[in-house]
Amino acid sequence: MAKNLTTRNDDYSKWYNELVIQADLAENSGVRGCMVIKPYGYAIWEMMQAELDRKFKETGHQNAYFPLFIPKSYFSKEASHVDGFAKECAVVTHYRLKTAEDGSIVVDEDAKLEEELIVRPTSETIIWDTYRKWVQSYRDLPLLINQWANVVRWEMRTRLFLRTAEFLWQEGHTAHATEKEAIAEAEQMMNVYAEFVETHMAVPVVKGLKTESERFAGALETYCIEALMQDGKALQAGTSHFLGQNFAKAFDVKFATKEGNQEYVWATSWGVSTRLMGALIMTHSDDNGLVLPPKLAPQQVVIVPIYRGEEQLEQVSVVANELMKELRAKGLRVKYDDRDTQKPGWKFNQYELQGVPVRIAIGPKDLENGTFEVARRDTLSKEIMKKEAVVDKVVALMEEIQNNLFAKAINHRKENTTTVATYDEFKKVIKGKGGFVLAHWDGTAETEDRIKNDTKATIRCIPLDEDTEAGSCVFSGKPSARKVLFAKAY
């Protein structure tokens with residue numbers, strides 16, 4: 001099993017790229033800017049997907065599916081929306097290929113579409129065109145729909161999971177009778193995301209509002225959750241948008257009120273993507289490889305036999321299979337790796353690289369002593385446990401490891417969050433240790449742009465849990481009512 005990863009201190013970006021590939025999560029494909037998510041990586045995504053889908057359904061949402069292709073004319077109906085995605089759109093212009101005289105395959109120039117189709121960068125336009133037919137009365141509201149899908153955004157500089165031309169995600173699109181209900185929905189989904197990322201991914205987040213220049217194209221308000229990676233950069237982990245009535249008016253989605261009046265519905269959209277895989281990797285992993293929180297690990301425990309010859313393997317396997325059965329009965333995901341094609345040391349290295357939370361080794365001496373060697377991935381520590389106690393201890397380890405990873409990430413964020421009062425302090429922190437920087441901002445796009453151009457730091461969000469506090473903008477010196485969160489970001 002390949003290892004020898006570049007260390008995070010030597011080159012964090014190279015470490016990340018090597019880890020994604022060596023841990024068998026994903027690889028670059030033959031299509032420029034697109035990735036192949038390999039089975040192990042996809043298994044982690046499925047764990048995320050399953051829990052999020054459960055949460056969506058608990059909050060009353062249903063899944064549906066809408067077309068991959070969107071007529072170009074739909075985008076022109078909401079001007080700010082198309083402006084936000086125009087440079088990222090992949091466009092289908094023809095519907096047929098043909099064989100040329102030299103035997104090559106070419107586009108048939110006579111098969112041009114009457115109207116170009118956009119490969120969805122997001123589905124607001126096609127969904128709101130559909131909602132016009134679905135919504136007629138207040139009885140049809142609220143309409144709470146989620147879609148699991150892929151989208152295409154023509155990225156020029158790509159990184160596996162973090163930024164690819166095609167990626168997987170879910171996108172919720174809801175319609176409501178009142179502004180209050182729609183805002184409550186947008187806030188609820190931000191909280192759903194935050195709860196999932198913190199409790200399952202063990203990644204602490206800051207909940208907040210985006211500034212006007214950072215909002216989703218066509219939104220009146222964008223709620224977000226921001227996470228801090230080990231290299232001091234921020235990563236946007238999820239967004240939820242209050243769309244007002246912009247899309248309803250653009251696509252003429254009205255409903256009859258109880259009083260018989262015709263009104264436009266109020267809208268939201270919200271989504272997270274396979275970018276969460278990048279957040280998971282960069283929050284917890286180390287120079288030895290991937291570190292997974294137990295709640296999202298495809299295999300929470302792996303059992304590796306130590307033996308010489310078939311007779312010893314048979315003896316160890318009896319005990320190992322019984323242990324696997326007992327652990328599975330406790331609800332754990334367990335693998336017994338009795339392959340004879342690889343040595344135990346190779347297996348240890350593989351499972352360490354792939355971040356399996358707990359590894360149990362069983363050999364002839366363990367059978368004699370009634371003990372097992374239990375290794376934790378998060379601390380790289382080992383402990384000899386008595387056979388009769390191992391099941392309960394391993395079950396307890398799942399929660400302990402999950403909590404330890406979250407506490408470690410919280411401490412990292414705390415140590416790398418700095419409050420500054422002057423622009424000199426601001427620049428020193430941003431260009432030095434990085435991390436989150438809390439500073440007063442005067443609320444203008446001009447100041448926001450000047451700071452971004454000067455330091456490459458952006459306002460990640462206006463934190464919702466920060467109290468109002470009168471002060472002066474670090475850049476302009478103008479009055480400010482509260483601090484905002486700055487950072488360099490992915």
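The values are calculated or read from the model by the stated rules, or taken from the named source; none is laboratory data. Note that the coordinates shown come from a computational prediction; the quantities given were computed from them, not determined experimentally. Here the Cβ positions follow ideal geometry from the backbone for every residue, glycine too, while neighbour counts run over all protein chains shown. Just the protein is used for accessible areas: all its heavy atoms, side chains included, with ligands, DNA and RNA removed. Shrake-Rupley method; radii C 1.70, N 1.55, O 1.52, S 1.80 Å.
From SER104, SER123, SER137, which residue is over 23 Å from TYR74 (Cα atoms), in contact with a Phe, Trp or Tyr (Cβ under 7 Å, 6 or more places away or on another chain) and open to solvent by less than 60 Å² (accessible area, probe 1.4 Å)? Break it down into steps so the answer makes sense when it comes.
Numbers: SER104 fails: in contact with a Phe, Trp or Tyr (Cβ under 7 Å, 6 or more places away or on another chain); SER123 fails: over 23 Å from TYR74 (Cα atoms).
Only one candidate qualifies: SER137.
Rundown of residues vs (1) aromatic (Phe, Trp, Tyr); (2) touching a Gly at 6+ places or on another chain (Cβ under 9 Å); (3) under 26 Å from PRO204 (Cβ atoms), yes/no style:
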site	(1), (2), (3)
ILE360	no, no, no
GLU368	no, no, no
GLU373	no, yes, no
GLU400	no, no, yes
PHE406	yes, no, yes
ASN416	no, yes, yes
VAL420	no, no, yes
GLY435	no, yes, yes
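Being part of a helix (DSSP H, G or I) and more than 27 Å from GLN62 (Cβ to Cβ) narrows it down to one residue among LYS249, LYS335, LYS295, LYS347; which is it?
The match here is LYS347.
Any chance region 67-75 includes a residue that's touching a Ser or Thr at 6+ places or on another chain (Cβ under 6 Å) and closer than 30 Å to LEU5 by Cα?
no
Out of curiosity, is VAL394 surrounded by 15 or more Cβ atoms within 10 Å (Cβ to Cβ) and in contact with a helix residue (DSSP H, G or I) (Cβ under 8 Å, 6 or more places away or on another chain)?
yes
Condition (residue is open to solvent by 50 Å² or more (accessible area, probe 1.4 Å), touching a strand residue (DSSP E or B) at 6+ places or on another chain (Cβ under 9 Å) and under 21 Å from SER269 (Cβ atoms)) applied to region 144-162: is it met by at least one residue?
yes
Among the residues of region 452-489, what is the count of those that are modelled with pLDDT of 95 or more and either in a strand (DSSP E or B) or of a type in the set (Ser, Thr, Tyr) (or both)? Step through it out loud before you land on a result.
Going residue by residue through region 452-489, those that are modelled with pLDDT of 95 or more are 452-464, 471-480, 483-489.
The next check asks that each one be either in a strand (DSSP E or B) or of a type in the set (Ser, Thr, Tyr) (or both); those that pass are 455, 458-463, 471-472, 476, 479-480, 483-487, 489.
So the answer is 18.
All but one of (1) part of a loop (DSSP other than H, G, I, E, B); (2) of a type in the set (Ser, Thr, Tyr); (3) in contact with a strand residue (DSSP E or B) (Cβ under 7 Å, 6 or more places away or on another chain) hold for SER73; which doesn't?
The failed condition is (1).
Could you look through region 417-437, keep only residues that are crowded, with 17+ Cβ neighbours inside 10 Å and in a strand (DSSP E or B), and pick out the one that is nearest to the chain's Cα centre (by Cα)?
So the residue we want is PHE436.
Of the residues that make up region 188-209, is at least one open to solvent by less than 20 Å² (accessible area, probe 1.4 Å), among the acidic types (Asp, Glu) and touching a residue at least 60 places away in the same chain (Cβ under 8 Å)?
No - not one qualifying residue is present in region 188-209.
Counting only residues that are modelled with pLDDT of 95 or more and among the acidic types (Asp, Glu), give me the strands (runs of 3 or more DSSP E) lying completely in region 82-200 with at least 3 of them. Spell out the reasoning first.
On the way: elements: 90-94, 97-99, 105-107, 112-119, 143-152, 166-176.
Because the criterion is at least 3 residues that are modelled with pLDDT of 95 or more and among the acidic types (Asp, Glu), the strands (runs of 3 or more DSSP E) in region 82-200 that meet it are 112-119.
Given (1) closer than 19 Å to MET189 by Cα; (2) not in a strand (DSSP E or B), identify the lone condition not met by GLY271.
GLY271 satisfies every listed condition except (2).
Does ARG8 satisfy the condition of being more than 25 Å from GLY232 (Cβ to Cβ), open to solvent by 20 Å² or more (accessible area, probe 1.4 Å) and assigned to a loop (DSSP other than H, G, I, E, B)?
No; evaluated as a whole, the condition is false for this residue.
Of everything in region 61-70, what is within 26 Å of LEU141 (Cβ to Cβ) and either in contact with a Cys (Cβ under 8 Å, 6 or more places away or on another chain) or assigned to a strand (DSSP E or B) (or both)? Give them in sequence order.
Of everything in region 61-70, those that are within 26 Å of LEU141 (Cβ to Cβ) and either in contact with a Cys (Cβ under 8 Å, 6 or more places away or on another chain) or assigned to a strand (DSSP E or B) (or both) turn out to be GLN62, ASN63, ILE70.
Output the residue which, of all residues in region 312-334 that are within 22 Å of TRP346 (Cβ to Cβ) and free of Cβ contacts under 8 Å to residues at least 24 places away in the same chain, is most open to solvent (accessible area, probe 1.4 Å).
That would be GLU314.
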